[in-house]
1. Towards the positive end of the charge dipole of chain B, with charges on Cβ (+1 Lys, Arg; -1 Asp, Glu), say which of B:L107, B:A221, B:L196 has the farthest Cα.
2. Normalise the Debye intensity by I(0) for the protein assembly as shown, one equal point scatterer per Cα, no solvent, then take log10 at q = 0.05 Å⁻¹ and round to two decimals.
3. Which ³J(HN,Hα) values in Hz, rounded to whole numbers, follow from the phi angles of the range A:97-103 under the Karplus curve 6.51 cos²θ - 1.76 cosθ + 1.60, where θ = phi - 60° and Gly and Pro get x?
4. Given a 1.4 angstrom probe, I'd like the percentage of the accessible area of the protein assembly as shown that is carbon and sulfur, rounded to a whole number.
5. State, to one decimal in nm², a quarter of the convex hull surface area for the C-alpha atoms of the range B:101-167, i.e. the direction-averaged projected area.
6. Need the per-residue list for the range B:84-108: every residue with at least 30 Å² less accessible surface in the complex of protein chains than in the chain by itself, probe 1.4 Å, sorted by number.
7. Amide H neighbours of B:A72 under 5 Å, counting only residues 5+ apart in sequence or on other chains, H built in-plane at 1.01 Å?
8. Can you give the three extents of the C-alpha atoms in the range A:90-352 along their principal axes, from longest to shortest, in whole Å?
Amino acid sequence: MASFMNRHADSSVMVRLRACLWSGKSPSPVATWGLLMILLAVIALLSLLFGAGAVGPDRAWLALSDFDAAAMHDSEAHFVIGELRLPRLGIGLVVGIALGIAGALLQAVTRNPLAEPGLLGVSAGSAFAVTLAILWGADAATLRISVAQLGALGGCLCVLAAARLQGIGNDPVRLILAGAILSGLLHSLSSLILLFDQYTADEIRFWVVGSLAGRDATDLMPLAPSLALAALLTVILARPLAALALGEHVAIGLGHHPRIVRFLVIVVVALLVGGATAIAGPVAFVGLVVPFAARALAGPDIRRTLWFCLPLGPIVVVSADIVSRLVVQPSELPLGVITALIGAPVLIAVVRRRRLPML
Amino acid sequence: MTQEAFVYAPADDDSAPDIATQGLSLAYGNVPVIEGLELRLPAGQVTAIVGPNGCGKSTLLSGMSRLLKPRAGAVLLDGADIQRVPSRELAKRLALLPQQPHAPEALTVAELVRFGRHPHQSWLRQWSADDKACVDEALELTGLTTLAERPVDALSGGQRQRAWIAMAIAQQTATLLLDEPTSALDLGHQVEVYELIRSLTAAGKTIVMVIHDLVGACRYADHLIAMHQGQILAEGPPGETVTADLVRRLYGVDCTLITDPATGAPLLTNVRRTRDVLDGSAT
């Protein structure tokens, strides 16, 4: 009898836990969010401690605990942390936030849970534009960013134009197919260029699979203005975007302007994806996995989803980056490979759900 | 509850909205649906727009709620062209409930109703005590207070429609435009929604609804507008407007009209297809 009671209690706990996870009615979203922030802090610390090189966690820990003194007695650890791992962590944070938010926004605006910047050809548009720019002799970081952002915007508009065609807009999977075709086309074109141009190929080879390595903190500075603009627009657009989830007509009835909102959201997505792509290359699936988890924790409202993307994006990117340094020591796997390994199963899980949730 | 049970309180003339159309022409793409329509809707009453499929009644409602931009003419709200009123301002005066709206999965009733406060909020002026009071009042009026934390998609059809109407109530507009608020509901849920609409009018709101159910329109509307091929065939109180001849011209059916002994509303009986009236000769 007692065991029966226990089992009963267990199952009701499970039911409530699942209800919390899937209905979006977490008993305290604020507490969940706080836990995620703590988790992010831990992962950030780990990313400073572990690396592919000679500086192991023990030396890194000693150097971190008294960073100024480390400059004297362990200058190698001081250098590795200050000049390599710290900038890399910073870039991981920025890229994670940018891709997570961009994915959530793109999914809200297309009302399609599969709309991921990488899958829809937004990143490919960005990468193609950068390839062209390098081919034509550009290499200044600032130029590369604006070029990547313009390319992202082009990719976005192409695939959304395809989505407006009869039938595709209503079917999440067909939109992804349209995006995959665009991605494939742009990748082939990029490869074609690389085949004929050795300099561009060298410049771009590592970049094109996505990586946080070999970047330094100054790479981030040119990104700041466009990221600040994207952040401001996101804050302003969150409310009307939430209303758009109720349908175009309801949103108009509430005094919003869906067309303007949609266009501005696309601009924000292009700024974020273009910026992240310029700095880390096309990192796939982060824009799918992060909003997927954020929605499971936060429920359907895009405003809460965006809040949860803030810690979840960097958690995914920075932990993927740590893994990428450790699996094939002393060399490294590109980050894009790891995120694809995490992302593909999530994509399959989303598609396999009998009814795709309409956003 | 019978109609007599509602306390009918006509809104005073200063605050009641005045909705009219002036030479209104509406089209979808290049297909004109309505041409040069002149219309004035009574304030503080329930107006039902009826007519056969494709007669332009939903188009008219789209024009009145600015979903559709007129080709010519204007929709006037208190004398001002609604195309010239800033949309947030308009949303404080005119609420719209489209046909069969869809709520995102797991959105709760309270969350849905809170959206109604959007026109009153801004980026700087977020959620306030005033907003909360309005939401609570809307839930109270629609009898959904106890269901506030339930997901909208877990409700019955009638409750769901009441939740959407609650959202429109929270907008605190003088006018409510409803596109077929009862068309997907069974009889019990229809009556639930109709009675809510009556109680809103009793509280002073002007309601305009497009509706398929002619019997329901006769029973619950104060004012009836019968449309056919973009034209208004008849308008006025249902008891004076609905005739067997009108029903034949609208729908191509013959019927016997009697007066409902309980409510005094016209009642259609013995409805059958008219054999000798060809399509198009109705106008």
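The values are calculated or read from the model by the stated rules, or taken from the named source; none is laboratory data. All figures in this text were calculated on a predicted structure; none of them were measured in a lab. Because the Cβ atoms are built from the backbone with ideal geometry, glycine has one as well, and the counts that use them run over all protein chains shown. SASA here: full protein model, heavy atoms, side chains in, ligands and nucleic acids out. Shrake-Rupley method; radii C 1.70, N 1.55, O 1.52, S 1.80 Å.
1. Of the options given, the answer is B:L107.
2. -0.31
3. Those phi angles translate into 5, 4, 6, x, 5, 4, x Hz.
4. 61
5. Result: a mean projected hull area of 4.4 nm².
6. Hits at the 30 Å² cut-off: B:S87, B:L96, B:P98, B:H102, B:P104, B:E105, B:A106.
7. B:S25
8. Per principal axis, max minus min of the Cα coordinates gives 55, 38, 34 Å.
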